[in-house]
Structures are given as structure tokens and as C-alpha cells.
Amino acid sequence: MNWTLAHRQFLTYLRLERGLSANTLQAYKSDLSQLQIWAEEIDKRPVSLVQEDLRAFLQHQAKQGKSPRTQTRMQSSMRAFYLFLLEENVVEKSPMEGIESPSLGRKLPVYLTVEEVDALIQAIDRSHSQGERDLAMLEVLYACGLRVSELVDLKMEDVFEADLLIRVVGKGNKERIVPMYASAMKSVCRYRDEVRVHVPIQKGAEGFVFLNQRGKPLSRVWVFKRLRVLAQLAGIAKTIGPHTLRHTFATHLIQRGADIRIIQMLLGHESITTTEIYTHLEQQQLRDTVLRYHPKNL
């Protein structure tokens, strides 16, 4: 099996059988394309590569300046690829067995204080109609802890006004129901009823909640840029994006005593290990408090 065929069949498998999102598929495609280019330079097909070859490839990536996190992701892509070839009886054994991932430090996420969230909201100019959209967008991110892809893909039919709930389609097309506080839902409905109804909606965009002025769904890049502008207007020095508000949502709930497994469900994390980063953050906050206020440390 040559690289082109193996690559195409693997991506088809990921899309149809594992239901991965377009963004995740793109990451797999990028990682395997780099492996393919490297392997073709040494005239090796997928079945010809052995463990020593893959180690050499990963060492090459490290020398190119790839971060440990990127290297770990690439190894994950390669493992999945060879497991697929193993299931298809193309290889007898995965050459990725025995290759360890680089050690990753636990990096605490950046999050906003309640005061910074308020400042971000106050920075929105609501004298313009699009200000209502920006407010609703910000409220949804903070109220529900959505990923940016989940925000821009949110559909009108997934907003349940009377129940203060939204239905979210997350990674792998997995659905979850997330509650929303009343003022956030009010912002969404005000945008829907007073602003969105006057937007000339483009064909194919009728079902999306958040639209730009041309009637098309918001892009992920636009949301990033808009939040950066609002942060600057609010005087927030931190570099923020949609994921900052996701971290903020989880952190504020943890700080107020929410159960970690409930937060796991709200965020749509498949593994509790992913959610546990927020308990580490709380522990760091407790440590800082002790060091700041304990009389023996003064």
C-alpha cells in the first residue's frame, strides 16, 4: 500500500467510523503529510517503516523546533495510523509500540477574574446593533464554557429559551446539554429577536445563531480577533481567546465548590484527567493564599 492510498483510507476511516471533527481531521492530515514527505525522501512506504525509522523522524521533528506538545500530538496521529493499518491487516505489528511520548509539564491555563469578565462585557459598544451579537457571544462563552467551534456552529434549534438550556455538538459529534444563567439567555434572545432578524441571511446559514453583517456564520478566526480587541479596550493585559473564557468558566465553578465530574460533563471532556487541570489550579491558588497571608511567612 502506497502513501497516497493509505493516507486517504485512514482519513476516510477517521471521518466515517470515528466521527472526528474537521479540525481534528486536519491535524491528522498535517501530521501524516509530514511523515509521508520524510519517508518518501528515504524511499520507504508505510509498511516499510520500522521503529528505528519512526524514532529518527521524531528526532528530526524535535531538531526542527517542534514543541513537546506538538511532538506528542504527532505521535498520537502516528499511533492511530498504524493501529488502523493493523486492523486492516496491512501490517502485522505497529512500529509505534515502545516509542514513549516526550514529557509534558502541567501548564496552568490562563483565566479571567470576575472583574475582568465584567470589564470585557462593559467594553462592548451596544450603541451599534452588532454590539448585541458580541454581548450574546461573550455571554454564551462564559456561561457555558463552549469551545470556539461549538460557538460558531450553534444552531437556532439548539437554544431552549424556556428551559435555559442549549444543546452543544462537541468533538466526535457528541451531544451534551448545558444550562445557561438567565441573563445570558436573555442576551441571546435579544440578539436573535432584535438584531439577527434584520440581517440578510445567506443561503445555507439560516440555522446558525451567530452571523456576521453579511449574513454568514462567524468564523473561528474572527471570534479570536474580536475578543483580543475587546480585551484591549477593557485594559486586560492577558492574551486571551475563546478558550480563555472556557477556562474561566471551569475555574470559577471550581473556586465556588462545583464537583469536578459535573464540570467534566459540562465541558464535554471524554476523560476526567483532562478536567483535573482545574483542580491543580485551585491547589495553586490555595498555596498562594497560604504564602501570602500565613503569619509565619510574613
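The values are calculated or read from the model by the stated rules, or taken from the named source; none is laboratory data. This structure is a prediction, so every number in the text was calculated from the model and none was measured. So basically every Cβ, Gly included, is an ideal-geometry build from the backbone, and we count neighbours across all protein chains shown. Protein only, heavy atoms only, side chains kept; ligands, DNA and RNA dropped before computing areas. Shrake-Rupley method; radii C 1.70, N 1.55, O 1.52, S 1.80 Å.
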Tell me, what is the 1.4 Å probe accessible area of residue 4, in Å² to the nearest 10? 80 Å²
For every other residue with a beta carbon closer than 14 angstrom to the beta carbon of residue 167, add +1 if it is Lys or Arg and -1 if Asp or Glu, then tell me the sum. -4
Suppose all protein chains stay in the model; what accessible area per residue would a 1.4 Å probe give for region 223-266, in Å²? 50 Å²
Using only Cα atoms, tell me the angle between helix 220-233 and the longest principal axis of the chain; keep it within 0 to 90° and round to the nearest 10. 50 degrees
Give a quick list of trypsin sites (Lys or Arg not before Pro) in region 25-70 that DSSP marks as loop, anything other than H, G, I, E or B, with at most 12 other Cβ atoms within 10 Å. none
Normalised by the number of residues in the chain, what is the relative contact order in percent for Cα pairs under 8 Å and 6+ residues apart? 17 percent
Please report how far the C-alpha centroid of region 42-60 lies from that of region 165-234, rounded to the nearest whole angstrom. 45 Å
Specify which labelled value, from [x] 5, 23, 32, 26, 12, 2, 0; [y] 6, 26, 35, 21, 8, 3, 1, 0; [z] 5, 22, 27, 22, 16, 6, 1, agrees with P(r) over Cα pairs in 10 Å bins from 0, in percent derived from the coordinates of the model shown. [z]
Applied in sequence order to region 136-146, the curve 6.51 cos²θ - 1.76 cosθ + 1.60 (Karplus, θ = phi - 60°) yields integer Hz couplings, x standing for Gly and Pro, of 4, 4, 5, 4, 5, 4, 7, 6, 10, x, 6
Compute the acute angle (0 to 90°) between the alpha-carbon long axis of helix 22-41 and the principal axis of greatest extent of the alpha-carbon atoms of the chain; round to the nearest 10°. 30 degrees
At 1.4 Å probe size, put 274, 12 in order of accessible surface, largest to smallest. 274, 12
Amide H contacts of residue 212 (H built 1.01 Å from N, under 5 Å, at least 5 apart or other chain): 218
Rounded to the nearest 500, what is the chain's calculated 222 nm mean residue ellipticity when only DSSP H runs of at least 4 contribute -39500 (n - 2.57) each, over all residues? -17500 deg cm²/dmol
